[in-house]
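Have a look at the structure below, then the notes.
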Protein chains: 2
Amino acid sequence: MILCQNVAELKNLVATFKQNGKSIGLVPTMGALHEGHASLIKAAHAENDITIVSVFVNPTQFGPNEDYAAYPRTLEKDCTVAENAGADVVFAPKKEDLYPNKDMTWVEVTGDITKVLCGRTRPIHFRGVTTVITKLFNLTMPNRAYFGLKDAQQTQVLQRMVDDLFFNVNLRIMPIVREADGLAKSSRNVYLSPEEKKAALILSKSLKHAQDLFLHGERNSAKIVDAVTQMIKSEPLSDIDYVEMYKLPGLLPVDEVISGKVLLALAVKFGTTRLIDNVILEDK
Amino acid sequence: MILCQNVAELKNLVATFKQNGKSIGLVPTMGALHEGHASLIKAAHAENDITIVSVFVNPTQFGPNEDYAAYPRTLEKDCTVAENAGADVVFAPKKEDLYPNKDMTWVEVTGDITKVLCGRTRPIHFRGVTTVITKLFNLTMPNRAYFGLKDAQQTQVLQRMVDDLFFNVNLRIMPIVREADGLAKSSRNVYLSPEEKKAALILSKSLKHAQDLFLHGERNSAKIVDAVTQMIKSEPLSDIDYVEMYKLPGLLPVDEVISGKVLLALAVKFGTTRLIDNVILEDK
């Protein structure tokens with residue numbers, strides 16, 4: 001596996017792959033790789049000749065009071081995880097490599113899709129995501145790019161960007177990977193104290209409860225959202241940012257009676273750590 | 001030559017060109033093709049296997065009080081001009097093809113580079129340009145894209161976008177093409193009355209005067225700008241928007257004493273028609 005830490009070298013690698021007719025799978029990450037990321041890398045490895053994993057803590061998607069400085073940086077371990085999962089290249093550029101100019105070129109998806117859910121409390125977040133993913137798409141020219149469904153809103157925003165700007169990239173959205181106890185894998189789980197980690201189990205439990213309600217025929221969107229909200233509130237260490245439901249695709253407002261496919265998403269703080277999780281409910 | 005009027009067909013064409021290892025030159029235009037455009041198409045034809053000319057009056061680069069509705073639309077004639085200059089494909093999509101969603105994805109270059117010169121009176125113009133060019137780059141996957149130096153600020157903004165977002169496209173900037181009497185070719189020249197067209201000759205004359213001053217050793221930036229301004233003001237039908245000088249590349253503020261390469265650019269109204277023109281001054 002090649003560890004590539006500058007743009008010029010990456011361009012050369014990608015040019016060679018393309019000349020040789022290789023298909024490329026891109027797995028964009030911020031490092032601190034866990035089994036969730038590994039599942040994306042394995043999927044990319046299975047579907048493409050070459051798998052490129054980018055490791056870059058993207059400054060432009062963090063707000064001024066967020067955890068950019070504290071975000072875990074574990075490149076050496078990340079390379080091991082990536083290689084074991086089948087990566088051919090880890091691309092780990094420096095900040096100045098991806099942001100060469102003080103005056104930025106931004107790529108921004110507008111409309112409610114970036115304003116609801118996480119967009120409400122993180123107003124610049126998705127602009128940072130779409131900007132850095134555009135750079136990574138242009139640098140790695142992937143046939144397919146892999147994202148986890150845990151960042152459900154991100155996947156919707158990126159699909160909108162790909163559609164609007166006609167990127168020739170197939171977005172592959174992979175299922176959430178969970179701990180045995182149900183906690184969704186996240187690089188931010190390392191911030192949790194043992195008590196908070198235990199308390200955070202209420203998230204997956206409440207989403208499982210929502211699924212059960214849905215399976216047993218409940219179709220009233222407010223009732224399901226309310227049941228999840230009350231269950232999370234029963235956990236004293238929880239501090240809810242949102243529990244909301246939106247239609248898929250596109251995150252449009254949900255009707256009173258659920259039909260088709262909806263996203264039930266939540267963001268909840270435990271201490272200073274903000275976790276997100278979600279489930280998709282769909283009539284089959 | 002192929003006239004292609006929808007996105008799906010263009011994607012198929014481009015995929016075939018790419019599979020066959022063809023190099024692609026893109027000439028993005030808003031139609032109403034004149035000899036300036038023809039010179040770009042000829043250059044693309046000389047340097048690439050395939051030349052694609054896009055003809056699209058891009059709504060997002062026009063302000064609410066600008067000439068979007070009135071802009072000349074002459075597709076049939078444009079196809080003839082394009083074919084005679086060596087185009088292989090004319091891509092003329094509809095508005096809904098390039099803007100499929102109400103909530104837009106924007107590509108925007110920030111900073112003074114988009115705020116000076118035309119950016120001052122046309123605040124949304126360059127955001128529209130960079131957005132549509134991103135779409136066209138992703139759709140046509142060109143090796144080279146051709147732009148006229150008449151839109152000097154546009155070429156600087158697009159180069160910044162290409163650098164920041166790592167588009168794998170070589171921007172080829174071609175010289176201004178002029179009428180025999182010196183008037184820069186422009187699709188908007190058709191708006192001019194015979195009197196205005198005659199009056200507009202002061203633009204190229206004043207730029208020629210600036211070149212002469214520079215050639216004879218004048219290096220004071222304010223003096224050159226002032227000489228051009230006074231000369232244009234001597235023409236009663238002229239109404240100056242700006243006469244300004246900026247460093248190249250990047251349109252940084254110019255020093256009192258000119259060194260290196262500078263752009264002397266002007267925008268002047270004759271009646272309701274706003275014309276732009278420029279010259280580059282450089283020590284050789």
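Read-outs: derived from the displayed coordinates by stated rules, not from any lab. The structure presented is a predicted model; accordingly, all values stated were derived computationally and were not measured. All Cβ positions, even for glycine, are placed from backbone atoms using ideal geometry, and neighbour counts span all protein chains on display.
A:Asn168: net charge of surrounding residues, Cβ under 10 Å, Lys/Arg +1, Asp/Glu -1, itself excluded? Once positives and negatives cancel, what remains is +2. Comment: the Cα-to-Cβ extended label point of A:Glu47, at 7 Å, lies 3.6 nm from its counterparts in the other copies, nearest first. In the protein assembly as shown, helices alone account for a calculated mean residue ellipticity at 222 nm of -11500 deg cm²/dmol, with every DSSP H run of four or more residues adding -39,500 (n - 2.57). For segment B:54-95, the set of GluC sites (Glu not before Pro) satisfying both a DSSP loop assignment and a count of at most 16 other C-beta atoms within 10 Å is given as B:Glu66.
If you average 1/r over every pair of different alpha-carbon atoms in segment B:123-232 and take one over that average, what Kirkwood value in Å do you get? Evaluated on segment B:123-232, it is 16.5 Å.
By how many degrees, between 0 and 90 and to the nearest 10, does the Cα long axis of helix B:125-140 differ from the longest principal axis of chain B? Orientation of helix B:125-140: about 30 degrees from the principal axis.
The reciprocal of the average 1/r between distinct C-alpha atoms defines the Kirkwood hydrodynamic radius, which for the protein assembly as shown equals 26.3 Å. Among the GluC sites (Glu not before Pro) within segment A:213-273, those in coil by DSSP and having at most 11 neighbouring Cβ atoms inside 10 Å are A:Glu256. Relative to the compact-globule estimate of 2.2 N^0.38 Å, the Cα radius of gyration of segment A:2-174 comes out at 0.98. Model label sites at B:Asn65 and B:Leu215, defined 7 Å from Cα along the beta-carbon direction, differ in position by 4.0 nm. Counted residue by residue at 0.36 nm each, then reduced by the alpha carbon distance between them, the extension gain from A:Thr121 to A:Lys284 reaches 55.3 nm. Taking the label point 7 Å along Cα→Cβ, B:Glu195 and its counterparts in the other copies are spaced 8.6 nm apart, in ascending order.
How high is the FRET efficiency from B:Glu35 to B:Val257, r the C-beta distance, R0 30 Å, rounded to 0.05? After rounding, the FRET efficiency stands at 0.20.
What nm distance separates the two modelled labels at B:Asn170 and B:Thr272, each placed 7 Å from Cα along Cα→Cβ? Placing both labels 7 Å beyond Cα along the Cβ direction yields 4.4 nm. Just checking the listed ones, B:Asp255, B:Asp164, B:Asp241: in the Gaussian network model of chain B with Cα springs under 10 Å, the one fluctuating most is B:Asp164. Each Cα pair under 8 Å and six or more residues apart adds its separation to the average, and for chain B the resulting relative contact order is 17 percent. On a 0 to 90 degree scale, rounded to 10, what angle separates helix B:35-47 from the longest Cα axis of chain B? Its long axis makes an angle of about 50 degrees. About its Cα centre, segment A:2-174 has a charge dipole of approximately 180 debye under the convention of +1 per Lys or Arg Cβ and -1 per Asp or Glu Cβ, with nothing else charged. Chain B's nearest residue to the axis relating it to A, judged by Cβ and reported with the distance in whole Å, is B:Val107, 3. Placing a label point 7 Å from the Cα of A:Lys95 along the Cα-to-Cβ direction, the residues of segment A:53-70 whose backbone N falls under 16 Å of that point are A:56-70. A simple spin-label model places the labels of A:Glu76 and B:Gln19 4.8 nm from each other, with each point 7 Å out along Cα-to-Cβ. Using only Cα atoms, tell me the angle between helix A:75-85 and the longest principal axis of chain A; keep it within 0 to 90° and round to the nearest 10. The helix A:75-85 is inclined about 80 degrees to chain A. Length gained on full extension, B:Glu195 to B:Glu179, computed as 0.36 nm times the residue gap minus the Cα-Cα distance: 4.2 nm.
Projecting 7 Å from Cα along the Cα-to-Cβ direction, the label point of B:Gln211 sits 7.2 nm from its equivalents in the other copies, listed shortest first.
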